[in-house]
Amino acid sequence: MASSTEARDALFDDANGDLAIGDLEAAVVKYRQCVEMDPEFFDGWHALGMALMKTGEIKAAIGAGLQSVTLQPNDLLAWTSLSQMYVKDGQIAEAEHAKSNARILSLGGRVVKDS
């Protein structure tokens with residue numbers, strides 16, 4: 001019997017396959033299942049946000065993007081993606097804030113100091 005992590009990872013791989021062939025709706029469903037199985041799964045939240053942005057579900061994408069930066073606040077790609085989501089939603093101040101966090105990280109800084 002597969003562990004829950006193995007099941008989550010297999011589902012995540014399936015979702016990535018769907019994404020690769022352009023079946024965004026199927027990918028979104030599977031990414032959602034991944035984060036339901038493991039709410040702390042950063043890669044799942046990040047991928048879900050990007051897939052939702054591509055399907056035009058911007059508000060939901062922002063929610064997933066916020067969850068990803070909450071889980072890994074020093075991840076450059078997560079902040080860059082969140083900034084793109086905010087731009088698509090017309091939230092320019094929020095986009096600039098996310099972009100500035102990405103810039104701090106790109107220069108070797110930290111958004112959240114390690115405890």
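Scanning segment 62-75 for residues that are without any contact (Cβ under 8 Å) to a residue 12 or more places away in the chain, in contact with a Leu (Cβ under 8 Å, 6 or more places away or on another chain) and surrounded by fewer than 19 Cβ atoms within 10 Å (Cβ to Cβ) turns up nothing. Counting only residues that are touching a helix residue (DSSP H, G or I) at 6+ places or on another chain (Cβ under 6 Å), more than 20 Å from LEU71 (Cβ to Cβ) and of a type in the set (D, E, K, R), segment 82-100 holds 2 of them.
Matching residues to (1) farther than 21 Å from THR55 by Cα; (2) modelled with pLDDT under 95; (3) in contact with a Phe, Trp or Tyr (Cβ under 8 Å, 6 or more places away or on another chain):
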| position | (1), (2), (3) |
| --- | --- |
| PRO73 | yes, no, no |
| TRP79 | no, no, no |
| SER83 | no, no, no |
| LYS88 | no, no, no |
| ALA93 | yes, no, no |
| LYS99 | yes, no, yes |
| ALA102 | yes, no, yes |
| SER115 | yes, yes, no |
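Being among the hydrophobic types (A, V, I, L, M, F, W, C) and in a helix (DSSP H, G or I) is the filter; apply it to segment 96-115 and report the residue that is nearest to ALA61 (Cα to Cα). Going through the qualifying residues, I end up with ALA98.
Starting from residues that are in a helix (DSSP H, G or I) and more than 18 Å from the chain's Cα centre (by Cα), keep the ones in segment 81-95 and report whichever is surrounded by the fewest Cβ atoms within 10 Å (Cβ to Cβ). Explain how you work it out, then say what you get.
Our first condition is that a residue be in a helix (DSSP H, G or I); within segment 81-95, this holds for 81-88, 92-95.
Those left that are additionally more than 18 Å from the chain's Cα centre (by Cα): 92-93.
Numbers: ILE92: 10, ALA93: 8.
Selected residue: ALA93.
When segment 1-37 is limited to residues that are outside any helix (DSSP H, G or I) and more than 23 Å from THR55 (Cα to Cα), the one that is nearest to the chain's Cα centre (by Cα) turns out to be SER3.
Of ALA15, ALA26, which residue is farther than 28 Å from ILE92 by Cβ, at pLDDT 95 or above and in contact with an Asp or Glu (Cβ under 6 Å, 6 or more places away or on another chain)?
On the way: ALA15 fails: in contact with an Asp or Glu (Cβ under 6 Å, 6 or more places away or on another chain).
Criteria check complete, one pass: ALA26.
Go through segment 24-34 and report how many residues are within 13 Å of ALA10 (Cα to Cα) and either of a type outside the set (S, T, N, Q) or crowded, with 22+ Cβ neighbours inside 10 Å (or both). Here the count works out to 4.
The values are calculated or read from the model by the stated rules, or taken from the named source; none is laboratory data. Fair warning: this is a prediction, and the values are worked out from it, not measured in the lab. With ideal geometry, Cβ positions are generated from the backbone for all residues, glycine too; neighbour counts draw on all protein chains shown.
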